[in-house]
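Read through the structure below, which is laid out as structure tokens, and then see the notes.
The values are calculated or read from the model by the stated rules, or taken from the named source; none is laboratory data. Here the structure is a predicted model, which means the values were calculated and not measured. Cβ: placed from backbone, ideal geometry, glycine included. Neighbour counts: every protein chain shown.
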Ligand code: PHE
């Protein structure tokens, strides 16, 4: 090793650094020359083999080499971080593509809530707003004001969960009709979703706790034709353009005339299947024109106003919409089942 060879090495190191065009290449030059096993430490170690006369000059040259290269390296490294966009810098250093990802279960809406939201959205387009009432009701709101005779079988202990001799768990959402009309003058156009309770033995199509949506439309001129038209419009929006709606005469104490209405079975398109018990139809609930006695109970004049009311069973609709054969599946809350149902 002599002065000349050290100078040559310095030149080639600087040339290599000039040619390095990215951070990794610059780092490679540093390691090759200044790293622990790099060329410059090796030259230093070799200094003892240089002739004594030349040793100071060669030593100074090696030091100068180290200093120049270090300065140039620092400059290049600084320029490199300045030009590199910071996002890439952190993403590059933090992101390890070999790590397994963290899976987050996003969750999904329950079919019962989904149907309620759909019903509310559709009736909102007809000008209905959402009303609410308590689950614990008075006998007055759940029965008396709804023109239900004192000896009506639905009041029976068999059907109703009585809390004491005045309060009960509402058996239907119809008491919300009374609560709304008690506090509001006509016109009224409300939709009221909520839980209902009946002492029913649980089986594939019955549950002691279920959901209804109540509808009430009161104005000066409302007819059964409005009821039929609005229910049919609703059915098509909810189930698709092919669904058929059937109205059958029925009796409710709080409507006159009263009907029950069915949708054609969504599953078999009315051909008959297990879901519709081979009839091609699924019963949704009841409806009718508000009884004059109900208007009197809330202080409306039945000579001046008329209206229609309807109920609908939410679980029934969820079952036909999603093809569910057992109502109990809706309450078990097995997330795997709910997920594959909604998709
Ligand atoms: N409340 C009735 C039921 O639960 C349904 C209904 C609502 C009927 C409104 C007529 C009018 O069966």
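Taking the stated definitions as given, is residue 144 in contact (Cβ under 8 Å) with a residue 12 or more places away in the chain, loosely packed, with under 15 Cβ neighbours inside 10 Å and either within 15 Å of the ligand (Cβ to nearest atom) or farther than 30 Å from residue 236 by Cβ (or both)? In short, no.
Looking across 78, 51, 57, 82, one residue alone is modelled with pLDDT under 90, over 27 Å from residue 16 (Cα atoms) and in the same structural domain as residue 12 (by TED's automatic domain parsing). It is 51.
Taking the criterion of being in a strand (DSSP E or B) and in contact with a helix residue (DSSP H, G or I) (Cβ under 8 Å, 6 or more places away or on another chain), would at least one residue in region 237-249 satisfy it? Scanning region 237-249 turns up at least one residue that is in a strand (DSSP E or B) and in contact with a helix residue (DSSP H, G or I) (Cβ under 8 Å, 6 or more places away or on another chain).
Looking across 1, 44, one residue alone is part of a loop (DSSP other than H, G, I, E, B) and surrounded by 13 or more Cβ atoms within 10 Å (Cβ to Cβ). It is 1. Is region 113-120 home to any residue that is under 30 Å from residue 32 (Cα atoms), surrounded by 10 or more Cβ atoms within 10 Å (Cβ to Cβ) and out of contact with any strand residue (DSSP E or B) (no Cβ under 9 Å at 6 or more places or on another chain)? No, because not a single residue in region 113-120 is under 30 Å from residue 32 (Cα atoms), surrounded by 10 or more Cβ atoms within 10 Å (Cβ to Cβ) and out of contact with any strand residue (DSSP E or B) (no Cβ under 9 Å at 6 or more places or on another chain). In the condition set (1) crowded, with 19+ Cβ neighbours inside 10 Å; (2) closer than 26 Å to residue 237 by Cα, residue 277 is compliant with all but (1). The residues of region 225-254 that are within 12 Å of the ligand (Cβ to nearest atom), in contact with a strand residue (DSSP E or B) (Cβ under 6 Å, 6 or more places away or on another chain) and over 20 Å from residue 122 (Cβ atoms), listed by number, are 250, 251, 252. The residue that is farthest from residue 113 (Cα to Cα), among those in region 320-331 that are part of a helix (DSSP H, G or I) and modelled with pLDDT under 90, is 320. If I filter region 224-236 down to residues being more than 13 Å from residue 284 (Cα to Cα) and touching a residue at least 40 places away in the same chain (Cβ under 8 Å), which single residue comes out as nearest to the chain's Cα centre (by Cα)? Out of the qualifying residues, it is 233. Of all the residues in region 162-199, those that are free of Cβ contacts under 8 Å to residues at least 40 places away in the same chain and within 15 Å of the ligand (Cβ to nearest atom) number 6. Determine whether region 200-216 contains at least one residue that is assigned by TED's automatic domain parsing to the domain that holds residue 292, within 14 Å of the ligand (Cβ to nearest atom), over 28 Å from residue 325 (Cβ atoms) and touching a helix residue (DSSP H, G or I) at 6+ places or on another chain (Cβ under 7 Å). The answer is yes, given that some residue of region 200-216 is assigned by TED's automatic domain parsing to the domain that holds residue 292, within 14 Å of the ligand (Cβ to nearest atom), over 28 Å from residue 325 (Cβ atoms) and touching a helix residue (DSSP H, G or I) at 6+ places or on another chain (Cβ under 7 Å).
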